[in-house]
Amino acid sequence: MPVPTRVMSSALQAVSLRCEHLENPLGIDVARPQLSWALQGDGRGRRQCAYRIVVANDPDDFAFETRLRWDSGRIDTGECFGIHYAGPGLKSCERVWWSVRVWDEQGQSVMSDAAIWEAGILDPAEWQSDWITAPLAPRGLRAPGREDSFEDIGWLRTEIGSSPVTYFRRELRLDKPLRRARAYATALGLYRLYINGTRADDRAFAPGWTDYHQRTEYQSYDITDHLRDGENVLAVTLAEGWYAGYVGFTPRRRGAHYGNRPYFLAHVLLEFEDGTRSIVATDGSWQVTLGPIRYSDLLKGELYDARRELSGWHTPGYDGANCFPAEIGPDRGGALVAERAQAMKIVEEVKPVSVTPTSTRSYVFDLGQNMVGHVRLRLQAASGTTVKIRHAEALHEDGSLYTENLRTATAEDTYVCKGQGIETYEPSFTYHGFRYVELSGLDAPPDLGALTGRVLMSAVPRTGTFRCSSPLVNQLYSNIVWSQKGNFISVPTDCPQRDERLGWLGDAQVFASTAAYNMDVSAFFTKWMFDVADAQLPDGAITDVAPLLLFENGGAPGWAEAGIIIPWTLYLHYGDSAVIDRHWNTMVAWMDYVARHNPTGLRQNALNLNFGDWLAIGSDAPRDLIATAFYAYSARLMADMAGILGRSDEQDEYSMLWSRIRGAFVEAFVDDDGAVAGETQTGFALALAFDLLPDNLRPVAATRLVENLEAHDWRMTTGFLGVKWLLPVLSRFGFSDVAYKLLLGEAFPSWGFCIRQGATTMWERWDSWTPEHGFQEEMNSFNHYAFGSVGEWLYGYLGGIRPDPHRAGFQHVIVAPEIQAGIGWCDTEYLSRVGRFAVAWKQSDDGKIVQVTIPPNATATVHLPAGKKELVSESGSDLDSATGVVSSKEQDGQVVVEIESGEFVFNIQNCMRKNA
Ligand code: BGC
């Protein structure tokens, strides 16, 4: 046996296999889905040199080359994402297994564990189902074969204007052995699917919110293990949801947005061991009745009367006397598409920290955390006892709930006890934003354990963590994450509590990058970009909100541009060029719309609702400056994205447009001395961030920005649009010390101020509450992520992990922590598509230590705060001899080191004192 001459590291292995950004997805309707994986392995300088993807119809087939469905063959490349399946197209409902072998830098190769994806229903004509609903007939009209009407069993429009949740069931007999079963289901409304009395899965809400007239997402369930020989029951609860319930601050009649009552649709595929198939679809044979949920509305809350529970309605053997045949609805028109993102689920629980009795015999629980979801109640009381559960984000001084900011969103759940021992209750189809919960109607004081907060969100995986030596900054970080949890509910909403909760584009674009650090939002934003495209107006205008509702106008500057900025952000974070390609025409139509109205390059027309730097305080950046800055930025991103797609003509055109707008911007808004019109923080921040100023004026403008901040006593005057860019611009131009001042500031207005007032989520406004004025009287949310866009700076600058646009998807990163006085240490991690990055730094009197972890197959340029190379060592070696260090140099007062993958510990001595 030959003796190895060097120690071999264990072979690199592909892990975290993803298909269309999802783990083992069922029900994909993309013909050539994108595949990706991360790499795992020890040591430095690890990289993938080649891959081979194999796709099989059966996992046993992997062993036989001739039986493979698709074999990419060995491809010599380091690419590990954005690889499109190119084998024979899947048939509807078909499952494939896939695995990837990677060859590492030592020529070793290992096959990954297998993953799957499964096709959904690919051809709309395959749906054999009817939309079904409750037979809402005028009183007196009888359902066939019935003496009574649906109204007689309690159909009512309650005082809140909502209708009861309807309970559907359908029996199903299996007479031969089943191989597999799938349910494809959706609703115009919200539904839950049960098989033989058990939930088909743990989705909290389905389907998500889309413009149902255009597109409705269906869900795919593997229900094989739920079914059994003989009698089975498919059952569904159906609520009004976004389709027919209250949405936004509408003065319109309930249900006017999409439709007046909810509908359900299902297509259940049964495949038997003998090779035959059958389909059970929604049709007139389904039965429907009413049950304990008297209504359940997203904004208003739920009324649950436990005395009306239908024992056994979703299991075989139910007598069905109170059931009616379902009514078949008209074909609802919009396309049925497979669900694109993670489902909405309960992702965690929050326990109350105190309970306080009030003078009105109610009890106020404090959960200690402003959260979004609902509560689970555990109680014992006599039959008919009616418990009211009210929710609020804050309290008045007298301890009563502050609910003024909810406007018409009642956010009140009611439970009527059945009086049989301990009862537990949690609502099904509503959610609230709250920290405080008031219980009333109990006959005995509740203990702290009576109630648990259940956190609901689109269950996107966490990817980022951040901690540093400042408790204030850690609280800010926590508030940012909680506001993302609370507002990523099918669409990125502005707020979770009042009668609004809309997918505002401006908020989403400023927060997108922070969101992508915190969590894997690739699938979530992929889905939402369809909503943005669906909302686009015929003249090309991208809108202010998506799905389109209430604000059916073209978008304001800084809002509509989400249609361009979010695909770019997805590219930057996940290397996803497919999303750019998919929405290219949407983006071009928007650019054409702006150009048509603004031929000079200055964006002065078609500004629509022109919100400006929304909720800025103490200053108002000129709106035409903001508009033109965003127009320029969009042109530049378009040029870059055209380059990525290989559209070279358009790349040239957009580059020219970018120069032209930039020229017009400078002429209109910039003086020779670097002053930017209006002299506002936002004006300077946008001009510098978007590279709109001539080179020679940039440092001057940056200095003017700092002077402006100083003149404001180191306080911000920025609103939604400016705040995102302020700290990154300061750091970029060498003023991280000033960025620290803003970050650590506690005087009004600042993040620290809000935290000192007890904020546990991001406030909508700097002055949502002040000691002088109390609660802000206009729209006022305590859970609005826009000012949380500073999260990007926490990860990218304070922590120091930034994507490199030239090698997007974190194949190469810039590691450049901003280490200044005021923070002693900082630990940041980011789980990218490629693998796990980490930077941990600490400073002491002797110097600084910067620990950097780069996953296999990625590289980094590390900027270290050291004037001279001699002051830096890596794990005890000098930089020139350290393994994994490709090169190092002194540049602009820093030491810049190129590294390969692995774990590195850089030690930086403080400057040696002369004569020391
Ligand atoms: C929303 C915002 C939104 C804004 C538009 C507000 O009502 O809450 O977050 O961006 O309107 O100016």
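Here is how the numbers come out for the structure above:
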| item | result |
| --- | --- |
| Test set (1) more than 24 Å from Y415 (Cα to Cα); (2) under 27 Å from the mean Cα position of the chain (by Cα); (3) not polar (S, T, N, Q) - D225 fails condition number | (2) |
| Sole residue being at pLDDT below 95 and not hydroxyl-bearing (S, T, Y), chosen from D804, D845 | D845 |
| Subset of the range 327-342 (residues that are of a type in the set (A, V, I, L, M, F, W, C) and surrounded by fewer than 18 Cβ atoms within 10 Å (Cβ to Cβ)) | I328, A335 |
| Residue that is nearest to E393 (Cα to Cα), among those in the range 478-506 that are among the hydroxyl-bearing types (S, T, Y) and in a loop (DSSP other than H, G, I, E, B) | T493 |
| Any hit, the range 640-650, residues being open to solvent by less than 40 Å² (accessible area, probe 1.4 Å), in a helix (DSSP H, G or I) and touching a residue at least 24 places away in the same chain (Cβ under 8 Å) | yes |
| Residues that are open to solvent by 60 Å² or more (accessible area, probe 1.4 Å) and in contact (Cβ under 8 Å) with a residue 24 or more places away in the chain, drawn from the range 309-326 | E309, G317 |
| Residue match in the range 490-509 (condition: polar (S, T, N, Q), touching a strand residue (DSSP E or B) at 6+ places or on another chain (Cβ under 7 Å) and within 15 Å of the ligand (Cβ to nearest atom)) | yes |
| Sole residue being touching a helix residue (DSSP H, G or I) at 6+ places or on another chain (Cβ under 8 Å), assigned to a loop (DSSP other than H, G, I, E, B) and surrounded by fewer than 19 Cβ atoms within 10 Å (Cβ to Cβ), chosen from G384, G421, G399 | G384 |
| Filter result for the condition that a residue is in contact with a Lys or Arg (Cβ under 8 Å, 6 or more places away or on another chain), part of a strand (DSSP E or B), open to solvent by less than 50 Å² (accessible area, probe 1.4 Å) and free of Cβ contacts under 8 Å to residues at least 40 places away in the same chain, over S873, S888 | S888 |
| Flag if W725 is open to solvent by 60 Å² or more (accessible area, probe 1.4 Å), more than 16 Å from the ligand (Cβ to nearest atom) and within 22 Å of S789 (Cα to Cα) | no |
| Residue pairs meeting the criteria (Cβ under 6 Å; at least 6 apart or on separate chains; first closer than 14 Å to Q214 by Cα, in the range 523-547; second part of a helix (DSSP H, G or I) and at pLDDT 95 or above) | V532/G563; A533/T586; Q536/T586; A546/D531; A546/V532; A546/A535; P547/D531 |
| Inter-residue pairs, beta-carbon under 6 Å, first among the small types (G, A, S) and in the range 365-390, second outside any loop (DSSP other than H, G, I, E, B), 6+ apart | G373/R454; G373/V455; G373/L456 |
| Search result, residues across the range 503-526 that are under 9 Å from the mean Cα position of the chain (by Cα) and either among the aromatic types (F, W, Y) or closer than 19 Å to G555 by Cβ (or both) | A512, F524, F525 |
| Candidates Q475, Q509, filtered to the one that is open to solvent by 10 Å² or more (accessible area, probe 1.4 Å) and modelled with pLDDT of 95 or more | Q475 |
| Restricting the range 600-634 to residues that are of a type in the set (G, A, S) and within 26 Å of the chain's Cα centre (by Cα), the residue that is farthest from E679 (Cα to Cα) | S634 |
| Meets criteria (in a loop (DSSP other than H, G, I, E, B), in contact with an Asp or Glu (Cβ under 8 Å, 6 or more places away or on another chain), at pLDDT below 95 and surrounded by fewer than 21 Cβ atoms within 10 Å (Cβ to Cβ)) for T360 | no |
| Qualifying residue in the range 87-96 (condition: in contact with a Lys or Arg (Cβ under 9 Å, 6 or more places away or on another chain) and under 21 Å from R836 (Cα atoms)) | no |
| Only listed residue being within 29 Å of P445 (Cβ to Cβ), buried (at least 16 other Cβ atoms within 10 Å of the Cβ) and of a type in the set (A, V, I, L, M, F, W, C), chosen from L377, L299, L290 | L377 |
| Scan of the range 755-776 for residues that are free of Cβ contacts under 8 Å to residues at least 24 places away in the same chain, open to solvent by 10 Å² or more (accessible area, probe 1.4 Å) and within 16 Å of the ligand (Cβ to nearest atom), ordered by number | Q776 |
| Residue among R802, R833 that alone is under 30 Å from W37 (Cα atoms), part of a strand (DSSP E or B) and basic (K, R) | R802 |
| Evaluation of E667 against (1) in a loop (DSSP other than H, G, I, E, B); (2) charged (D, E, K, R); (3) within 19 Å of A627 (Cβ to Cβ) (one fails), failing number | (1) |
| Candidates F551, F525, filtered to the one that is within 12 Å of the ligand (Cβ to nearest atom) and either within 23 Å of V588 (Cα to Cα) or crowded, with 24+ Cβ neighbours inside 10 Å (or both) | F551 |
| Selection within the range 671-711 - charged (D, E, K, R) and either open to solvent by less than 20 Å² (accessible area, probe 1.4 Å) or assigned to a helix (DSSP H, G or I) (or both) | E679, D695, R698, R704, E707, E710 |
| Matching entry among Q475, Q484 (being of a type outside the set (D, E) and within 16 Å of the ligand (Cβ to nearest atom)) | Q484 |
| G791, sole failed condition from (1) of a type outside the set (S, T, N, Q); (2) more than 16 Å from the ligand (Cβ to nearest atom); (3) farther than 22 Å from V850 by Cβ | (3) |
| Residue match in the range 729-739 (condition: in a helix (DSSP H, G or I), more than 17 Å from F511 (Cα to Cα), open to solvent by 20 Å² or more (accessible area, probe 1.4 Å) and modelled with pLDDT of 95 or more) | yes |
| Residue among T463, T430 that is β-branched (V, I, T) and more than 24 Å from E393 (Cα to Cα) | T463 |
| Count of the range 171-230 residues which are touching a residue at least 24 places away in the same chain (Cβ under 8 Å) and either aliphatic (A, V, I, L, M) or not in a strand (DSSP E or B) (or both) | 37 |
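Residue by residue, here is whether (1) touching a Phe, Trp or Tyr at 6+ places or on another chain (Cβ under 6 Å); (2) modelled with pLDDT of 95 or more; (3) open to solvent by 30 Å² or more (accessible area, probe 1.4 Å); (4) outside any loop (DSSP other than H, G, I, E, B) holds:
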position	(1), (2), (3), (4)
N585	no, yes, yes, yes
M591	no, yes, no, yes
A595	no, yes, yes, yes
N608	no, yes, yes, no
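The values are calculated or read from the model by the stated rules, or taken from the named source; none is laboratory data. Being a predicted model, the structure only gives us computed values, none of them experimental. Note that we place each Cβ from the backbone using ideal geometry, even for glycine, and neighbour counts take in every protein chain shown. The area values use the complete protein model at the heavy-atom level, side chains included, leaving out ligands, DNA and RNA. Shrake-Rupley method; radii C 1.70, N 1.55, O 1.52, S 1.80 Å.
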